[in-house]
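Notes follow once the structure below has been shown.
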Amino acid sequence: MIFSKFTNAHASEKVTVRERLAYGCGDFSSNIMYSAMAAFLMFYYTDYIGVSAAVVGTIMLVSRLFDGISDLVMGIIIDRTRSPFGKARIWILRLVIPYAIGTVLLFAVPNGWSETAKYIYIFFSYNLAFTVLFTGINLPYATLTALMTQDQYERSVLSIFRMILATCGTLFIKTCTLPVVKFFGDNARAWTYTFVVFGALEILTFMITFLFTRERVNTNDDKRMEVPVILGFKALVKNKYWFMATLNLVLIFIAQGVNGSSEVYYAKEVLGNGNLVGTFSVALQVTQIICMLFIARFVKKHGKRNVLMAGAAITIVGYGIMGSGGENLPVLIVGCMLRGIGNSGISVCMFAMVTDTIEYGEWKTGIRTEGLINSAASFGQKIGNGLSNVLMGAILAVGGYVGTATTQSASAISAIKVSYIYVPIILTAVQMVVLAFYHLDKEYNSILEDIKKRRISK
């Protein structure tokens with residue numbers, strides 16, 4: 001077997017609070033693009049550009065096939081990168097400006113073009129933004145956790161800071177986008193101006209991550225460059241906990257994608273007030289942020305899997321309350337707050353669980369590939385998001401939703417409710433079933449000790 005030999009003197013060094021905050025800023029930047037896509041891109045396409053939700057959903061799903069290839073290629077590139085700034089941080093520096101430009105291009109569809117030309121533009125801009133640029137910068141960012149420390153608790157704390165700042169990014173997008181669009185004129189061009197402003201913020205926050213984080217693990221390993229790609233894939237296939245953690249991500253992002261994409265429709269068409277998107281977001285995201293400030297002790301005591309499963313159960317209850325609340329705003333807000341409590345457990349643990357499978361894979365096969373494991377997990381995340389767009393588009397199409405219509409049919413309203421509440425409930429329940437078979441939390445410390453013994457003996 002090929003065992004990695006790398007300098008590990010600082011692998012368990014405590015990560016400073018400043019560095020944790022700097023690391024979290026990267027996910028704030030990532031969520032400017034990601035949350036905008038999840039919450040508003042379909043709405044922008046249907047209601048401002050006037051294209052079909054079903055066709056756009058299909059474009060997004062097809063694009064995920066290219067996205068999967070780019071994820072795996074980028075993972076291999078990361079595993080073979082050597083630079084004075086490490087193997088992950090350097091890609092943040094190289095791609096931060098193109099990434100911001102890609103975000104702007106998503107919301108710059110030429111409104112005067114023919115319908116076919118619009119679909120062509122959507123296909124290319126979507127793939128440039130997500131297949132190339134989001135993958136190129138976000139995958140190294142995700143891999144950075146494993147390169148900053150090998151301490152399981154420190155990784156959990158990094159994940160907490162990451163998700164707090166990610167939630168702040170989502171809250172920022174959901175509360176500020178529509179008001180800023182309205183400020184710029186509430187038309188198709190206003191969306192472009194809005195994301196020019198937001199793109200500048202993306203550059204600032206990702207640069208904070210680049211400047212104030214360190215790579216401590218695996219930074220001086222020349223032998224790692226010699227591991228053939230095929231062996232990396234074979235090792236991945238043998239990693240059962242990676243499969244579970246990745247499937248968990250797929251289910252999470254389908255559920256969150258369908259719910260997030262339908263929220264603006266739900267607020268506008270069911271409740272009659274599109275501005276309630278901001279109200280719901282504040283109730284959910286602020287509650288989530290507050291809970292994440294106190295969740296580290298629960299993760300340390302009960303483990304990532306148990307905290308995530310508890311969060312999933314609370315999330316289902318929150319959805320159920322919203323489903324039974326009708327148009328009663330206080331009840332809907334309570335449901336959002338419960339979902340915020342549940343989401344805090346889900347968000348903090350979902351990526352950290354994937355990172356922990358790196359050590360399991362090394363222990364199981366003797367091969368350590370941070371980039372490849374994170375790339376395959378990223379692909380699962382994007383597949384989940386792509387499927388959510390297709391599912392959302394299909395449900396709206398079956399319900400007869402017409403973006404340019406003044407009044408929607410009863411079936412369209414029902415379709416929006418199904419997307420916003422009931423599909424996420426089903427998917428979250430399936431997620432809990434998958435996690436019932438995940439036991440890495442109990443095995444991790446003994447696995448890490450065994451890995452260290454093997455390295456010493458080499």
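The values are calculated or read from the model by the stated rules, or taken from the named source; none is laboratory data. Bear in mind that the values here come from a model prediction, so they are computed numbers and not experimental data. No Cβ is skipped: glycine too gets one built from the backbone with ideal geometry, and neighbour counts run over all protein chains shown. Surface accessibility is based on the protein's heavy atoms, side chains included, excluding ligands, DNA and RNA. Shrake-Rupley method; radii C 1.70, N 1.55, O 1.52, S 1.80 Å.
Of the helices (runs of 4 or more DSSP H) lying entirely inside the range 49-159, those containing at least 2 residues that are more than 28 Å from SER344 (Cα to Cα) span 53-79, 89-106, 115-126. β-branched (Val, Ile, Thr), in contact (Cβ under 8 Å) with a residue 40 or more places away in the chain and more than 14 Å from GLY340 (Cα to Cα), is that true of VAL277? Answer is yes for this residue. Taking into account only those residues within the range 93-113 that are touching a residue at least 24 places away in the same chain (Cβ under 8 Å) and small (Gly, Ala, Ser), which is nearest to TYR48 (Cα to Cα)? For the range 93-113, the residue satisfying everything is ALA108. Could you please let me know if GLY326 is outside any helix (DSSP H, G or I), more than 13 Å from the chain's Cα centre (by Cα) and at pLDDT below 90? When the stated conditions are applied, GLY326 passes them. Sub-6 Å Cβ pairs linking a first residue in the range 149-176 that is among the charged types (D, E, K, R) to a second residue that is at pLDDT 90 or above and assigned to a helix (DSSP H, G or I), at least 6 apart or interchain, are ARG162/GLY24; ARG162/ASP27, ordered by first then second residue. Going residue by residue through the range 256-267, is there one that turns out to be within 25 Å of VAL434 (Cα to Cα), open to solvent by 20 Å² or more (accessible area, probe 1.4 Å) and in contact (Cβ under 8 Å) with a residue 40 or more places away in the chain? Looking for residues that are within 25 Å of VAL434 (Cα to Cα), open to solvent by 20 Å² or more (accessible area, probe 1.4 Å) and in contact (Cβ under 8 Å) with a residue 40 or more places away in the chain, one finds at least one in the range 256-267, hence yes. Among the residues of the range 176-218, write down those that are assigned to a helix (DSSP H, G or I) and either among the aromatic types (Phe, Trp, Tyr) or on the phi > 0 side of the Ramachandran plot (or both). The answer is PHE183, TRP191, TYR193, PHE195, PHE198, PHE206, PHE210, PHE212. Kindly evaluate ALA166 against the criterion of being closer than 23 Å to ALA108 by Cα, of a type in the set (A, V, I, L, M) and either in a helix (DSSP H, G or I) or at pLDDT 90 or above (or both). Here the answer is no, as ALA166 does not meet what is asked. Collect the residues in the range 435-451 that are under 14 Å from LYS304 (Cβ atoms) and not in a loop (DSSP other than H, G, I, E, B), keeping them in residue-number order. Once the filter is applied, which keeps residues that are under 14 Å from LYS304 (Cβ atoms) and not in a loop (DSSP other than H, G, I, E, B), the range 435-451 yields LEU435, LEU440, ASP441, LYS442, GLU443, TYR444, ASN445.
Residues in the range 275-324 that are among the hydroxyl-bearing types (Ser, Thr, Tyr) and surrounded by fewer than 18 Cβ atoms within 10 Å (Cβ to Cβ): SER324 alone. Summed over the range 387-444, residues that are of a type in the set (Phe, Trp, Tyr) and crowded, with 18+ Cβ neighbours inside 10 Å total 4.
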